[in-house]
Structure formats: C-alpha cells, structure tokens
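Have a look at the structure below before the remarks.
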Amino acid sequence: MILEQNKRVALESLRVIETDDSAAANRIIAPDFINREADDDPSRPDRGLRGPAGLVATSRWLTETFSGLRFELHDVIAEDETVVVMATMTGMHTGTVHGIPPTHKPFHQRQFHLFRMRARQIVEHLALRDDLGLLHQFGVLKQQAIVL
C-alpha cells in the first residue's frame, strides 16, 4: 500500500511541473525537499530553493522555457522509500535556456527520475536526462557519426 502511495505522489509531482499547481506541491513536497537537478546548475533560477517553493519554481522555469510541456510516463518502480520513474518530456522550445534562444522546435527527451520519499512526501529528486539529444533536436549541435 505504501509503495503504491509513493508511486502516486512521484507521478503527481510531474503533473505539478506541467500545471504549476502550488496546492498539490504543498501537499506532496516535504518542507526540506531538495531538487538536486537545480542545485547542480548555477544558472537555474530555482537553485537553492527548498520545499514546495522549489518544485513550483522548477515548474515555472520549465513551463516558461518549454510551452506545451508534458510528461509521457513509461515505467514506475518503487522500493522502500525510493521511486524511479521513466518518462519522456515533450513540448516546444519557446524560451531561452542556457543561453540558447527559442528555436520554436518541438522536442522529446527521455528522462529517469529518482525520488526519495518520507511519510508520503518527496524529500529529494534527482534525474538523468538526454540533454545531448535535446541540443541536437534544437539544432544547436550538428549530428555526426561517431566511430568507436
């Protein structure tokens, strides 16, 4: 039962990112929540924000950069206090990101999200994303064959 609840909370956090639902963020995000993705990037406006405000700031940053932002869910795995979600983020690049002006190109990006839970709230988030593939879709990098 707890594993299923943890899965639902993790999936709801992705919906919060799509919708900027601060009421949901207040319910599912622990006061000491940390988004490791934002903390690793000094240019992120949501860097250093803790708790529900951190997730809401992430949502605003993403939805201002990528219009029509959606997560297509593929797999959800839970064990103990950890939930892993495999998803594809889709949308259109309509805002500046890392100095890259809007290309107005649609994109899809595979992602793995790892959530650490406590008492049916998220306390930590990490992600692995295909950022190189995203840059190729924006036309920032030219795709070349790599010979190993």
Q. Which number in (1) on the phi < 0 side of the Ramachandran plot; (2) assigned to a strand (DSSP E or B) marks the one condition that Pro52 misses?
A. (2)
Q.
Out of the residues in the stretch 1-31 meeting the condition of being among the aliphatic types (A, V, I, L, M), out of contact with any helix residue (DSSP H, G or I) (no Cβ under 8 Å at 6 or more places or on another chain) and over 20 Å from Met89 (Cβ atoms), tell me which one is surrounded by the most Cβ atoms within 10 Å (Cβ to Cβ).
A. Leu3
Q.
So in the stretch 84-110, with the set limited to residues that are buried (at least 19 other Cβ atoms within 10 Å of the Cβ) and under 14 Å from the mean Cα position of the chain (by Cα), which one is farthest from Leu11 (Cα to Cα)?
A. Gly91
(Q) From the list Lys142, Lys105, exactly one residue is over 16 Å from Ile77 (Cα atoms) and modelled with pLDDT of 95 or more. Which is it? (A) Lys105
**Q.** Single residue of Thr63, Thr94, Thr82 found to be closer than 21 Å to Leu141 by Cα and in contact with a strand residue (DSSP E or B) (Cβ under 8 Å, 6 or more places away or on another chain)
**A.** Thr94
Q: Could you tell me which numbered condition Glu79 fails, if it satisfies all but one of (1) exposed (fewer than 13 other Cβ atoms within 10 Å of the Cβ); (2) among the charged types (D, E, K, R); (3) in contact with an Asp or Glu (Cβ under 6 Å, 6 or more places away or on another chain)?
A: (3)
**Q.** Counted residues, the stretch 73-131 - those being under 20 Å from Gly54 (Cβ atoms), in a strand (DSSP E or B) and of a type in the set (Asp, Glu)
**A.** 1
**Q.** Filtered residue count, the stretch 32-62, keeping only those that are under 15 Å from His98 (Cα atoms) and either crowded, with 19+ Cβ neighbours inside 10 Å or touching a residue at least 12 places away in the same chain (Cβ under 8 Å) (or both)
**A.** 9
Q) In the set Arg110, Arg60, which member is among the charged types (D, E, K, R), modelled with pLDDT under 95 and out of contact with any Phe, Trp or Tyr (no Cβ under 6 Å at 6 or more places or on another chain)? A) Arg60
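Rundown of residues vs (1) closer than 22 Å to Arg44 by Cα; (2) touching a Leu at 6+ places or on another chain (Cβ under 7 Å), yes/no style:
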position	(1), (2)
Glu72	no, no
Ile77	no, no
Glu81	no, no
Met92	yes, no
Thr96	yes, no
Phe107	yes, yes
Arg110	yes, no
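The values are calculated or read from the model by the stated rules, or taken from the named source; none is laboratory data. Model, not experiment: these values are computed from the prediction. Note: ideal-geometry Cβ built from the backbone for every residue, glycine included; neighbour counts use all protein chains shown.
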